[in-house]
Amino acid sequence: MITQKIDERVNWLDDRLGVQKWARKSLNKIFPDHWSFMIGEIALYSFAILILTGIFLTFFYSPSTAQVIYHGPYKPLDGQKMSAAYESSVALSFTVRAGLLMRQMHHWAADVFIGAIVVHMCRIFFTGAFRRPRELNWMIGVMMLFLSIANGFLGYSLPDDLVSGTGIRIAFSIVLSIPVVGSYLAFFLFDGNYPGTQIIPRFFILHVLLLPAAIAALIGAHLAIMWHQKHTQFRGNGATERNVVGSVLWPTYAFKTLGFFFLTTAVLALLAGFFQINPIWQYGPYVPYHVSYAVQPDWYMGWLDGALRIMPAWEITAFHHMVPNVFFPAVLFPGLTFMLFYFWPFIEDHFTKESVTDHNLLDLPRDNPVRTAIGWGVLTFYFLLFAASATDVIANTFSISLNLVLWSFRFMVVIVPPIAGWIAYRVAKEMQTWQDAGSRKRATIIVRSADGAYLTEEAEPRPGDRAHLLPPAEVPEESLAPAVAAHVGGAGPETVSPGQVGVTGAALGGAGRPASGGGVKRAKRDHRPSGLGGMLDSLRPRRPRD
Amino acid sequence: MRIHLAIPSAVVVFTAAVGVTYFASPAPGAHASSLGTGASTTPTTIPVSHNRSQVASGKTLFIANCSTCHGTNAQGSAYAPNLVGLGAATIDFWVGTGRMPLPFPTAQAPEKKPLFSASQRHAIVSYVTSLGKGGPGIPNVQLKGANVATGEQLFSLNCAGCHTIAGVGDALSAGYYAPSLYPATSTQVAEAMRTGPGNMPRFGPQDITPQQLNDVVAYVHRYIQHPVDRGGLGLGHVGPVAEGFVAFLVGIGSLLLLSYWIGEPAEKRESHGAGA
């Protein structure tokens with residue numbers, strides 16, 4: 001029999017490597033169910049799509065600035081001289097089967113990839129998931145954000161169209177602006193003065209090999225550390241600092257995450273099919289003395305472009321030399337930004353001294369109003385800078401003076417973030433006091449006694465009451481599968497609230513499985529509405545209250 | 001059982017999306033233009049007739065609608081420039097695009113629905129040009145045989161700096177703006193190039209030959225006003241800002257909703273399972 005043969009082989013391997021134990025342990029790994037834990041997976045799967053579509057694009061793209069004559073179906077370019085890079089990109093969009101779909105999918109995936117990183121980072125920040133023991137993973141994440149933005153810019157530059165060429169020109173000027181070493185560095189990068197012939201091939205190899213390899217390695221480290229440290233989780237539902245409540249990797253979570261991979265792919269394919277992105281044929285080839293107005297970078301570079309735009313024309317001198325104005329918004333500012341993000345866990349810990357213990361239970365944004373206020377202020381600041389990269393679009397759309405828009409942003413980036421932070425602080429403080437607003441409370445009966453005094457009595461809890469949850473209590477060890485109990489680092493007892501149903505080994509695919517096959521540890525939860533209201537509602541705490 | 005449905009449906013949606021979008025793409029070369037030599041045997045400008053009744057009716061219209069600012073003999077005033085000797089193209093452009101008459105002064109006269117009919121406009125042109133010679137005439141645009149590749153190069157060099165490479169226009173400093181090229185007729189595009197209205201530079205026959213003028217106008221007419229959007233919705237042709245919003249609202253937004261749909265199924269499952 002074949003199965004017997006397979007069993008023999010597996011046993012042979014197991015005797016030597018002990019894979020069975022490892023596999024069993026891994027397949028029983030518990031993953032939290034909360035939807036916000038899927039945001040990082042949007043980024044992960046977008047990266048996979050980036051790799052797949054990117055490989056397709058390299059089959060047809062020619063990373064060369066050699067001048068060629070275009071002959072093809074797009075008549076306004078017919079007979080024009082252009083770089084081989086641009087010619088191959090246009091050909092990719094017009095004559096290669098599914099080429100444009102792949103190009104657009106690649107570009108949308110890049111936009112969504114970095115967007116998902118930012119949203120994921122917001123979740124980590126506002127819930128305090130970066131605290132001990134996860135400082136390293138936060139720093140790896142910030143590094144990936146930086147590398148992704150850099151790689152996005154490189155990819156955006158590769159088609160060598162009029163708009164992206166302007167971006168490279170700006171990048172050259174930014175490198176030039178670095179004091180002392182700027183001109184050497186710029187000439188080193190571009191192999192001489194701008195534009196040269198080397199920049200496209202160099203950007204290409206950085207874009208398709210070095211940076212993706214670095215990002216992939218960091219993703220590996222990111223996931224390995226997460227695997228080792230286990231997930232954080234929201235309070236409630238029996239979650240403690242020493243356990244993980246959720247679904248097992250196999251089969252529940254594996255199928256869930258596989259489905260999410262397909263969904264991410266579907267969304268990116270739909271975006272690529274219905275929304276045009278970066279129509280390079282309309283922009284024409286890059287000619288250094290041509291320029292188009294209203295040129296913006298992709299959104300993830302927008303905050304840098306905005307900083308460049310609103311920087312006042314100050315001439316700052318240091319050591320009797322003028323420091324180029326561009327240096328401050330384009331080199332110093334992003335440098336400080338990433339340093340702040342990179343070291344944030346230690347900056348926060350310097351004030352809170354929270355790192356004496358591990359933090360596996362998440363804060364809600366309201367639990368730490370100061371952090372929430374800082375985060376919200378910083379987000380507002382960078383959003384304003386992003387909006388400032390569209391000063392011309394805003395002025396044109398709303399028929400107001402460009403100068404007014406520019407000056408408004410100069411004031412707003414200073415004034416608005418503290419106000420936004422203060423509002424966030426107040427809202428967080430308020431929310432601490434009305435956690436149960438909108439939900440039915442357990443009724444209180446007021447009784448008038450014979451001598452006229454009023455007494456209150458708590459009514460029996462009804463279904464749907466929110467404030468009837470009781471603090472978690474111990475569950476006897478034997479009611480849980482050993483493999484599951486081992487998951488909590490060997491020490492923490494599994495907990496479910498009394499009067500609630502603790503489920504082991506039930507649910508999807510678990511019915512026919514033996515108890516050792518890893519159960520779904522789950523405590524019944526109060527009913528939550530579905531839809532958007534439910535999505536927002538799920539951010540509410542599920543903390544047992546007394 | 002949501003998971004079991006989620007994966008097949010996601011695969012179906014993905015496959016359908018790829019298929020539909022692939023076959024929905026228009027065939028290459030849908031916008032063909034003939035390359036040819038536009039032999040300029042045709043006159044480069046349209047002559048303006050000055051018959052007496054046309055001049056007279058033009059004068060009536062001018063006195064009623066224009067003279068408040070430009071003066072009764074179009075000699076100009078403190079509020080508005082002298083029009084004598086500016087040429088037919090200037091008058092035809094400003095009146096034909098609805099920029100004149102101007103109800104109240106602003107940084108830049110906005111384009112609006114023209115006040116006058118074509119014959120009334122011709123009459124005003126006839127009257128004003130009868131007051132003095134000079135200035136460019138109304139260009140006689142011949143799009144047949146124009147080379148859109150030359151047009152694209154000239155557009156990229158001379159026009160994209162303000163109107164943007166997509167021709168959607170954009171804000172300039174201090175309330176001025178480069179208007180969108182979408183509503184302009186071919187003749188109006190040519191007139192604007194020859195006369196340089198407002199902040200726009202003037203491109204005379206020494207800068208842009210009549211044939212090059214036709215090339216640019218043909219490019220604007222065929223490719224700027226009717227862009228080849230084979231990639232899908234054009235998103236206003238304003239570039240990455242609009243794309244960024246779509247990436248967030250459509251891309252990340254729908255994925256967050258999907259993650260909510262696919263995440264935390266257990267409690268519902270449990271409530272089903274409780275009865276089973």
note = Selection over segment A:53-82 where residues are within 14 Å of another protein chain (Cβ to nearest Cβ) and either surrounded by fewer than 17 Cβ atoms within 10 Å (Cβ to Cβ) or under 29 Å from residue B:222 (Cα atoms) (or both) yields a count of 14
message = I need the full set of residues from segment A:286-333 which are more than 14 Å from every other protein chain (Cβ to nearest Cβ) and among the β-branched types (Val, Ile, Thr), in order please.
response = A:310, A:316, A:317, A:323, A:326, A:331
key: Where residue A:26 falls short, out of the listed (1) in a helix (DSSP H, G or I); (2) within 33 Å of the chain's Cα centre (by Cα); (3) under 29 Å from residue A:269 (Cα atoms)   = (3)
task = Being surrounded by fewer than 23 Cβ atoms within 10 Å (Cβ to Cβ) and without any contact (Cβ under 8 Å) to a residue 12 or more places away in the chain is the filter here, so list the residues in segment A:260-278 that pass it.
result = A:262, A:274
request  = Pick out, from segment A:190-300, the helices (runs of 4 or more DSSP H) lying fully within it that include 1 or more residues that are closer than 30 Å to residue A:105 by Cβ, touching an Asp or Glu at 6+ places or on another chain (Cβ under 8 Å) and modelled with pLDDT of 90 or more.
outcome  = A:199-205, A:254-274, A:280-283
query = Inside segment A:150-166, can you point out the residues that are more than 10 Å from every other protein chain (Cβ to nearest Cβ) and under 15 Å from residue A:106 (Cβ atoms)?
reply = A:151, A:152, A:153, A:154, A:155, A:157, A:158, A:159, A:164
request  = Could you name every one of the helices (runs of 4 or more DSSP H) located completely within segment B:127-201 that has at least 1 residues being over 26 Å from residue A:286 (Cα atoms) and in contact with a Leu (Cβ under 8 Å, 6 or more places away or on another chain)?
outcome  = B:186-195
ask   = Is it the case that segment A:245-258 has a residue that's crowded, with 18+ Cβ neighbours inside 10 Å, within 17 Å of the chain's Cα centre (by Cα) and within 13 Å of chain B (Cβ to nearest Cβ)?
value = no
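Which one of B:205, B:179, B:210, B:197 is within 13 Å of the chain's Cα centre (by Cα) and under 23 Å from residue B:86 (Cα atoms)?
One residue alone meets the criteria, B:179.
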Top-ranked residue of segment A:397-431 - restricted to ones that are touching a residue at least 60 places away in the same chain (Cβ under 8 Å) and within 16 Å of residue B:173 (Cβ to Cβ), ranked as surrounded by the most Cβ atoms within 10 Å (Cβ to Cβ) = A:409
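The values are calculated or read from the model by the stated rules, or taken from the named source; none is laboratory data. In this text, all values refer to a predicted model and were calculated from it rather than measured experimentally. Please note: Cβ atoms are built from the backbone with ideal geometry, for glycine as well, and neighbour counts cover all protein chains shown.
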